[in-house]
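Data block below; observations after.
The values are calculated or read from the model by the stated rules, or taken from the named source; none is laboratory data. Since we're looking at a predicted model, the values are computed, not measured. Heads up, the Cβs are rebuilt from the backbone with ideal geometry, glycines too, and the neighbour counts pull from every protein chain shown. Surface areas here come from the heavy atoms of the whole protein model, side chains and all, with no ligands, DNA or RNA. Shrake-Rupley method; radii C 1.70, N 1.55, O 1.52, S 1.80 Å.
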Amino acid sequence: MVAFEVHATLPEIIKPSSPTPNHLRSFKLSALDQLVDGTTYSPVWYFYTSSKDDHHMSMSMEGHLVTLKNSLSRTLTRFYPLAGRINSDCTTIDCNDEGALFRQAKVSCDMDDFLEQVSLEFELLYKLLPCQLPCPEGVEKVAQVAIQANVFACGGIALGMCLLYKILDGTSVTAFIKAWAEIARTDVYDFGGQEQVSGCSSLFPPNESLSTPLADLQVLEAARDGEAKRHSSIKRFVFDASSLSSLKHKARSKNVPNPSRVEVICALFWKCLAISTSSTSVFINFVNLRARLDPPLPALSLGNIYWLAVAIDDQITNGSVKSDENKKQLPYFVHLLRKSFKTIDSMYLKNFQGEQGFERICKFQEDAKEMYSKKGLILEASALNLMGWYDADFGWGAPSWVTCAPSYRNEIILMQTKSGDGIEASMMLDDHQLAILEHDPDFRAHTRRGHAVEPVKRRLISNL
């Protein structure tokens, strides 16, 4: 393994290029934002390669870094709530233009050597982040956006981003990053005014008298486990086009004749891991609500605008009750997932809107907490595969690799591969769960371990 060091500069604060108008100085969070853990950053990594004979990239590195900072300043003007600080009541953002955190770093090895090691130890990516993921201070004291621009010895750049989970879901994150890249690449940022950025507090008004935030369901799931702490690690698997085609063919049924890629991947994980529990199991998908609401929300709606699609398998797989083995194949689990997705329509969501909606949200939380306490296996998935992560061109081409990391045990994140025809799954699993997957013949037949270096190294070689 190649030894390397990451030398980072002291952080600097990037403020918006224009001050936020007085009438926009307070941004109200929604009841949905009150559901999430506001003390944790979501990590994202963007890798941009450069061959050794790419003089434009290497000779103007300082210029690229200046462009990154200047365009970030302009982007914060557009996404003005992200330059503010969340108030201690967790119901509003003080849009005070305190800015984002930015730091530069030099990595003492080539990018392909670094990613070769990441293929074996995913957690090395955390060395490229600008801050700790759990906020060491209260949310009212920390930047919502923190960026570290890592320059490798080969001239490549990796952007390690920490984005505060309190207001940024996957849709909000990609909208912000793509806007930042477009401003950096084109030097144009005529976006029609700050009023285009909105939230959903009018649909899901927060409880302003609530002294503490509602408990995040992901945190509840982790905390409910009374067992001794088990060793967990993050692993990454790739489903290529042929594997997805095979899975979809096997998962077809009269109930679901044309399953989606997300459904078959989730069903495969669920099927393989369900054998490890002697009680019922649950699979939760985080569903973007913007297009499901009536009327749909605009694209620049900030916040955690998602709901939980909860699928329950009440057939006991181990123990005294023996289920029909035919019900334990992919079509069975795909059907459960499809039913959970179909539940979340505009009529269902109206139950949680308006002044009475908050009480129903709290009731949903309590019911979910009780359900979680009785289940043997709970898996969670965020499907981020259709959000255009690879569209972020800052002026030196599309990224070679983009990845996110799960923050909780049994969480799965799905992202599209650069080619667009495959899906990468990153998950935090216990060692015994990983062993179950890797010894399952059906899982092994349809996946391969993710080697992040592969698409990067091919491009480097082709340019030399």
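Sorting 10-22, 236-248, 67-79 by average packing, meaning the other beta carbons within 10 Å per residue, from highest down gives 67-79, 236-248, 10-22.
Each Cα pair under 8 Å and six or more residues apart adds its separation to the average, and for region 98-153 the resulting relative contact order is 67 percent.
For the residue pairs 254/342; 69/127; 342/369; 254/350; 141/350, the alpha carbons lie more than 28 Å apart in 254/350; 141/350. The residues neighbouring residue 437, those whose beta-carbon lies less than 13 Å from its own, together hold a net charge of +1 under the Lys/Arg +1, Asp/Glu -1 convention.
What number comes out for the charge environment of residue 28, summing +1 per Lys or Arg and -1 per Asp or Glu over other residues with Cβ under 14 Å away?
On the way: positive: 25, 166; negative: 33, 89, 94, 208.
That sum, taken over residues with Cβ under 14 Å, equals -2.
The residues of region 1-147 expose, per residue, 41 Å² of accessible area to a 1.4 Å probe.
In region 63-189, what percent of the accessible surface is made up of carbon and sulfur (1.4 Å probe, ligands and nucleic acids excluded)?
Values: 1710 of 3740 Å².
Accessible surface attributable to carbon and sulfur in region 63-189 totals 46 percent.
Taking every Cα-Cα distance in region 101-182 and sorting them into 10 Å bins from zero, the calculated P(r) comes out as 16, 43, 34, 7 percent.
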